[in-house]
1. Per residue, how much accessible area does region 1-146 have with a 1.4 Å probe, in Å²?
2. Got a sec? What order do Y280, Y12 fall in by accessible area at 1.4 Å, biggest, i.e. largest, first?
3. For the chain, what is the relative contact order in percent, using Cα pairs closer than 8 Å and at least 6 residues apart in sequence?
4. Scan [x] 46; [y] 23; [z] 33 for the value of percent of Cα pairs over 34 Å apart calculated from this model and give just the label.
5. Within the accessible area of the chain, what % is carbon and sulfur when the probe is 1.4 Å and the other protein chains stay in place?
6. Using the Cβ atoms and a cut-off under 10 Å, what net charge is assigned to the surroundings of V295, where Lys and Arg are +1 and Asp and Glu are -1?
7. Straight-line reach from K81: which aspartates and glutamates have Cα under 14 Å away, leaving out those fewer than 8 places along the same chain?
8. Cut-off under 20 Å on the C-alpha distance; same-chain residues fewer than 8 positions from K21 excluded. Which aspartates and glutamates are left, in chain and number order?
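The values are calculated or read from the model by the stated rules, or taken from the named source; none is laboratory data. Being a predicted model, the structure only gives us computed values, none of them experimental. With ideal geometry, Cβ positions are generated from the backbone for all residues, glycine too; neighbour counts draw on all protein chains shown. Areas reflect the complete protein model, heavy atoms only, side chains present, ligands, DNA and RNA absent. Shrake-Rupley method; radii C 1.70, N 1.55, O 1.52, S 1.80 Å.
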Amino acid sequence: VNKEGKCVYIKYHFIAKHGQKQFTEPEAIRISGEDPDYSKRDLWEAIEAGEEIEWTANVQVMQPEDADPNILGFDPFDVTKVWPRGQFPMQEFGRLVLNKNPENFHRDVEQAAFSPGSMVPGIEDSPDPLLQFRMFFYRDAQYHRIGVNLHQIPVNCPFMAQSYSSLNFDGPMRVDANHAGNKQYAPNSFAHKFRPDAAEAPYTVSDNIVSRKSHYYHEGKVSEYDQPRELYRRVMSESQRANLHHNTAKMLSHVNYPIIQKKYLAQIYNIAPEYSRGVYDLTNYKNGRFDYSEVEELAKGAEVWYKEPKFRPSNGERLVGFQPQGAVYN
């Protein structure tokens, strides 16, 4: 968000320079029994040996006028969706490097209080309802876990924090005289605490109600299966698909209710019939194997299961989250 209040939507990507590796299910079971601290020890020892563990930091940028599910074919604020890189190319802006191990695990790790509500001016929340929820509850959970003055713990205290102190007062473990010489309110005649180079992004709310219908704009459509189908057919290798069939069938074999098994298989049938069939053939059915034709029949209309008609947009409503037309700030 710039100082005029104009904004773009962004999606961060941190891509491991050392690549990605996964255990197969049998390997994961073996390692968790032999050395459950394998990953933590591997990272610690690499940093102690002087290695820098590095991720390339990229961002995708979407203009507000492009964030339209009717145009994109998916809701860009749905956390289960990806933004196509051909349409929204990756732009490298930096790197994330781990080059030092914690001096004290309790102080530097266990007391770290991450929250998506902690944002610097110029970066704000999107209309993603999951993010909206987490912005409040993650911070609230950290206050309950650590205490209301967690911002004074070094790992949670940003550079120049004394200049930009929060206006929290008193409370347990307050040790800085209520941020000392800082004034107790903002703005004031002596210190203008608001950033002049950033403004909040304006959002339109087109009704005076908040309801389930507000967040139903692009649910219950067949296009919901498009991205997982691309992942399954184009991104995954043959061996990865085989592992997926094996892992899914193993878990599905523990389900006691055939109707649940059928419904699950029907959902993944709409992703790819060969995906559903591969899992079906490997599953152990406690209450007897049902015919696969039942799965194929159930798959018809599976996209609207539990999607109540009364919550669906009936007049093309978009009740929250879209950009207003014209300038907002003077």
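1. Details: 9950 Å² over 146 residues.
With all protein chains present, region 1-146 gives 68 Å² per residue.
2. Values: Y280 15, Y12 105 Å².
Output order, biggest surface exposure first: Y12, Y280.
3. Values: 354 pairs, mean separation 62.5, N = 330.
In percent, rounded to a whole number, it is 19.
4. Among [x] 46; [y] 23; [z] 33, the one calculated here is [x].
5. Working: 12040 of 21930 Å².
On the chain, the fraction of accessible area on carbon and sulfur atoms equals 55 percent.
6. Working: positive: K262, K263, R277; negative: D291, E294, E296, E297.
That works out to -1.
7. Within the straight-line limit of under 14 Å, K81 reaches these aspartates and glutamates: D68, D128, E219, E224, D226, E230.
8. E34, D35, D37, D42, E45, E51, E52, E54, E238
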